[in-house]
Amino acid sequence: MALIAIIGTGYVGLTTGACFAHIGHEVVCVDIDEAKIALLNEGRIPIHEDGLENIVREQLETGRLRFVTDTASAVGDREFIYLCVPTPQGPDGSADMSYIDLAARQIAPHLTRGAVVVNKSTVPVGSTRLVEQALARSDIGVVSNPEFLREGSAVDDFMNPDRVVIGADDQSAATRVASLYLGVRAPIMITDAASAETRMRVPPRTCMVSNRRELDTPQNRMGSQGERSVSLRVARLELAPGRRPGAPFSRLVAPP
């Protein structure tokens, strides 16, 4: 079990938080909208998503899911902090990163040493660097973990994805984020941050990946945690020679 904070209870944040609680993590979701937080704490959700309200109610009862408005107290003891805030399109078509920047600056003073901040919002390439600069803390890891959730099937997309993409320059932080998905049976692809952010723009079923069978080899499987024995299939994506980050990958290989 990991301690996770979700910043933002919109479509992505609510689904991510509820599903992480469903697979056994302790999750606190934060939002400045007091009326929404009150609604969520009653087990009611402001969106229509098949199965999500039942999961929220179940996890509220177990105590693994909470909804609060105080960001500082919510993130103080968390190992992982997911940024799930809006990135609306500006007049010029570019993503407005002000909410991401503000969220990172607000949480920075309250994070415990060694925590990992995970960007789950829809963001352009280079956003991991922006978060790092806003945090201004060398003791905090920053990881990109793009979402591929479709309206109407978001719960199923989280629990049964084609793949989980994790990008970071700090491979230790990326591996820690990968461990959060032990309850999700899907290939986990670890790459650099820019490539993960590029994959955010591509529907998962259209990503061109070869040699997928390599993910299922015995050396890619990790042992049990506690009483559960689950297979964590992890791959490191290698760029083809001469390719820039975000270009098609040549192969999947097991991490060293």
Residues of segment 148-173 satisfying the condition of being under 25 Å from Y11 (Cβ atoms) and buried (at least 21 other Cβ atoms within 10 Å of the Cβ):
A154, F158, V164, V165, I166, G167, A168
In segment 50-91, what residues are polar (S, T, N, Q) and under 14 Å from V30 (Cα atoms)?
T69, T71, S73
Qualifying residues in segment 36-94 (those that are aromatic (F, W, Y) and within 13 Å of I107 (Cβ to Cβ)) - the one nearest to the chain's Cα centre (by Cα)
Y82
Restricting to segment 104-128, name every residue that is loosely packed, with under 14 Cβ neighbours inside 10 Å and either of a type in the set (A, V, I, L, M) or within 21 Å of T198 (Cβ to Cβ) (or both).
G126
All-but-one check, P187 against (1) crowded, with 20+ Cβ neighbours inside 10 Å; (2) under 28 Å from A108 (Cα atoms); (3) touching a helix residue (DSSP H, G or I) at 6+ places or on another chain (Cβ under 6 Å); (4) not aromatic (F, W, Y), failing number (2)
Of everything in segment 65-74 that's out of contact with any Gly (no Cβ under 7 Å at 6 or more places or on another chain) and not in a loop (DSSP other than H, G, I, E, B), which residue is farthest from G43 (Cα to Cα)?
A72
Is it the case that Y82 is touching a residue at least 12 places away in the same chain (Cβ under 8 Å), aromatic (F, W, Y) and over 18 Å from V177 (Cα atoms)?
no
If you go through segment 104-159 one residue at a time, how many are in contact (Cβ under 8 Å) with a residue 60 or more places away in the chain and in a helix (DSSP H, G or I)?
9
One residue is enough: does segment 59-66 have a residue meeting the conditions modelled with pLDDT of 95 or more, under 30 Å from R113 (Cα atoms) and among the charged types (D, E, K, R)?
yes
Members of segment 129-147 that are charged (D, E, K, R) and crowded, with 20+ Cβ neighbours inside 10 Å:
E147
Failed condition for L39, given (1) touching a His at 6+ places or on another chain (Cβ under 8 Å); (2) surrounded by fewer than 16 Cβ atoms within 10 Å (Cβ to Cβ); (3) part of a helix (DSSP H, G or I); (4) among the aliphatic types (A, V, I, L, M)
(1)
Among the listed residues S153, S229, identify the single one that is modelled with pLDDT of 85 or more and of a type in the set (G, A, S).
S153
In segment 75-103, anything assigned to a strand (DSSP E or B) and surrounded by fewer than 22 Cβ atoms within 10 Å (Cβ to Cβ) is listed as Q89, A95
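The values are calculated or read from the model by the stated rules, or taken from the named source; none is laboratory data. No experiment lies behind these values; they were computed from the predicted model shown. Methodologically, a virtual Cβ is constructed for each residue, glycine included, from the backbone with ideal geometry; neighbour enumeration extends over all protein chains shown.
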